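Q: This is the structure I have questions about; it appears just below.
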Amino acid sequence: MRSDVLKKVRRVIIKVGSRVLTRDDGCLDATVIARIADELSQLRAEGREVVLVSSGAVAAGRHALAGGDRPRTIPQKQAAAAIGQPRLMHAYEEAFSRFGASVGQVLLTREDLANRQRFLNARATLDTLLAEGVVPIINENDTVAVEEIKFGDNDNLSALVTTLAEGDLLIIMTDIDGFYDANPRTNPEAKLIPLVRSITREMELAAGGSGSAVGTGGMVTKLAAAKKVCRSGVPVIMLNGRKPGSLSRALADEETGTLFLPAGKSLNRRKHWIAFTLRPAGRILVDDGARKVLAAQGRSLLPSGIMRVEGKFDRGACVRVCGPDGTEFARGIADYSHEEIARVLGHRSSEIETILGYRYSDEIIHRDNLVVL
């Protein structure tokens with residue numbers, strides 16, 4: 001099973017968490033960074049391309065602040081990130097230089113990936129770095145991305161980067177051996193699950209919260225990232241990044257960590273971008289007939305099936321599509337603004353031009369821009 005999934009992997013996205021990169025005192029662990037550089041260099045020598053999504057900037061800068069404790073406020077986290085990011089990159093630069101490799105820093109915010117043109121520009125930059133033999137090291141731009149610090153995590157970023165970079169495999173390196181049926185830190189009977197064919201709701205509920213004093217995520221965020229990546233048809237491996245050789249063993253077809261298989265019916269890259277990268281600006285509630293047609297037949301959303309529109313948004317915005325009970329079941333890019341939709345809802349497409357005085361299209365959301373979740 002693993003050999004079939006991994007044999008065509010050429011471009012690997014590797015996410016390294018703060019718990020892997022730091023010692024017990026919260027400082028960067030130079031030994032671990034050197035080992036990661038060694039293992040990634042081995043993958044490059046085998047002909048694979050590697051993109052590294054690295055946490056650790058806040059942890060690297062925290063000891064330069066008064067007291068050296070974990071930053072609590074947003075300004076403290078931003079200051080720690082500003083201090084720690086160059087320290088983190090310097091550590092990587094020194095580690096990779098021993099293997100004759102150069103590194104390139106890429107700092108992103110959610111807006112960089114939500115805007116299609118900036119998304120494509122970022123992809124072109126990564127492609128160029130890889131073509132030049134440079135290892136891209138990606139992190140969130142924590143010094144300005146307030147919401148990313150407060151709510152975000154690099155597990156989610158690694159999932160979005162996998163789509164951005166058109167990766168063939170995402171490897172999430174954490175400080176436990178993989179995904180367990182219970183929390184191994186509190187339950188000695190917890191068992192490692194080596195293969196996950198489908199991420200269930202029960203697994204998501206059992207994942208729990210953050211177990212780290214230096215990281216922002218936990219197993220729940222890693223599971224969410226794996227789910228997003230698998231929906232795009234790309235496998236995910238979760239493994240222990242603090243165990244020497246675990247990365248090499250996983251790609252050598254040894255049963256290491258947990259392998260998450262890609263979804264049987266995957267989203268194309270544009271629809272994956274719509275579903276998981278864009279931030280919805282409003283909601284469109286449709287009647288039950290429209291919900292059934294959209295969900296079962298993959299049709300476009302027409303004004304006749306719309307009951308109500310909520311929120312303020314312009315044409316081209318991402319919106320949630322919800323059933324009569326308000327439950328979201330799809331997401332898409334609207335061809336009309338909230339004001340325009342409010343005027344034409346419940347009417348036939350042939351009446352749009354009569355009501356508005358113009359018509360962009362017959363659909364409120366075209367099926368090519370609509371994703372059933």
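Q: Of all residues in the stretch 251-279, which are more than 29 Å from A330 (Cα to Cα), in a loop (DSSP other than H, G, I, E, B) and not hydrophobic (A, V, I, L, M, F, W, C)?
A: D253, E254, E255, T256, G257
Q: Identify, please: which residue in the stretch 104-121 is in contact (Cβ under 8 Å) with a residue 40 or more places away in the chain and aliphatic (A, V, I, L, M) and is, among those, farthest from W273 (Cα to Cα)?
A: Going residue by residue through the stretch 104-121, those that are in contact (Cβ under 8 Å) with a residue 40 or more places away in the chain are 108, 110, 113-114, 116, 119.
Pick out the ones that are also aliphatic (A, V, I, L, M) and you get 108, 113-114.
Details: L108: 16, L113: 8, A114: 8 Å.
It comes out as L108.
Q: Oh, and also: Identify the single condition in (1) surrounded by fewer than 18 Cβ atoms within 10 Å (Cβ to Cβ); (2) modelled with pLDDT under 80 that L192 does not satisfy, given that it satisfies every other one.
A: (2)
Q: On to the next question. Quick check on the stretch 288-301. Is at least one of its residues touching a Pro at 6+ places or on another chain (Cβ under 8 Å), of a type outside the set (A, V, I, L, M), assigned to a helix (DSSP H, G or I) and surrounded by fewer than 13 Cβ atoms within 10 Å (Cβ to Cβ)? Let's see the steps before the verdict.
A: Quick first cut of the stretch 288-301, residues touching a Pro at 6+ places or on another chain (Cβ under 8 Å) only: 288, 291.
Applying the additional criterion that residues be of a type outside the set (A, V, I, L, M) yields 288, 291.
When the remaining residues are screened for being assigned to a helix (DSSP H, G or I), the result is 288, 291.
When the remaining residues are screened for being surrounded by fewer than 13 Cβ atoms within 10 Å (Cβ to Cβ), the result is 288.
Yes, some residue in the stretch 288-301 is touching a Pro at 6+ places or on another chain (Cβ under 8 Å), of a type outside the set (A, V, I, L, M), assigned to a helix (DSSP H, G or I) and surrounded by fewer than 13 Cβ atoms within 10 Å (Cβ to Cβ).
Q: Filter the stretch 14-43 down to the residues that are of a type in the set (D, E, K, R) and surrounded by 23 or more Cβ atoms within 10 Å (Cβ to Cβ) and list them by number.
A: Filtering the stretch 14-43 down to residues of a type in the set (D, E, K, R) leaves 15, 19, 23-25, 29, 35, 38-39.
Scanning the stretch 14-43 gives a single hit, K15.
Q: Consider the stretch 257-275. How many of its residues are surrounded by 17 or more Cβ atoms within 10 Å (Cβ to Cβ) and either among the basic types (K, R) or free of Cβ contacts under 8 Å to residues at least 24 places away in the same chain (or both)?
A: Number satisfying all stated conditions: 1.
Q: Of the residues R48, R19, R35, which is farther than 15 Å from L247 by Cβ and in the same structural domain as I171 (by TED's automatic domain parsing)? Quick ask: steps written out before the conclusion?
A: Values: R48 fails: farther than 15 Å from L247 by Cβ; R35 fails: farther than 15 Å from L247 by Cβ.
Within the list R48, R19, R35, the selection yields R19.
Q: Tell me the residue from S212, S248 that is of a type in the set (S, T, N, Q), at pLDDT below 90, surrounded by 14 or more Cβ atoms within 10 Å (Cβ to Cβ) and not in a loop (DSSP other than H, G, I, E, B), please. Reasoning before the result, please.
A: Details: S212 fails: not in a loop (DSSP other than H, G, I, E, B).
On inspection, the qualifying residue turns out to be S248.
Q: In addition: Can you name the number of the only condition in (1) surrounded by 20 or more Cβ atoms within 10 Å (Cβ to Cβ); (2) at pLDDT below 90; (3) part of a helix (DSSP H, G or I) that K150 fails?
A: Unmet for K150, out of (1) surrounded by 20 or more Cβ atoms within 10 Å (Cβ to Cβ); (2) at pLDDT below 90; (3) part of a helix (DSSP H, G or I): (1).
Q: Another question about this same structure. Give me the helices (runs of 4 or more DSSP H) completely within the stretch 44-119, filtered to those with at least 1 residues that are of a type outside the set (D, E, K, R) and either surrounded by fewer than 19 Cβ atoms within 10 Å (Cβ to Cβ) or modelled with pLDDT of 95 or more (or both), ordered by residue number.
A: On the way: elements: 57-61, 74-97, 110-114.
Fully inside the stretch 44-119 and qualifying: 74-97, 110-114.
Q: Exactly one condition in (1) out of contact with any Asp or Glu (no Cβ under 7 Å at 6 or more places or on another chain); (2) surrounded by 15 or more Cβ atoms within 10 Å (Cβ to Cβ); (3) more than 22 Å from R116 (Cα to Cα); (4) not hydroxyl-bearing (S, T, Y) is not met by L278; state its number.
A: For L278, the exception is condition (3).
The values are calculated or read from the model by the stated rules, or taken from the named source; none is laboratory data. Fair warning: this is a prediction, and the values are worked out from it, not measured in the lab. Using ideal geometry, Cβ is built from the backbone for each residue, glycine included, and neighbour counts are taken over all protein chains shown.
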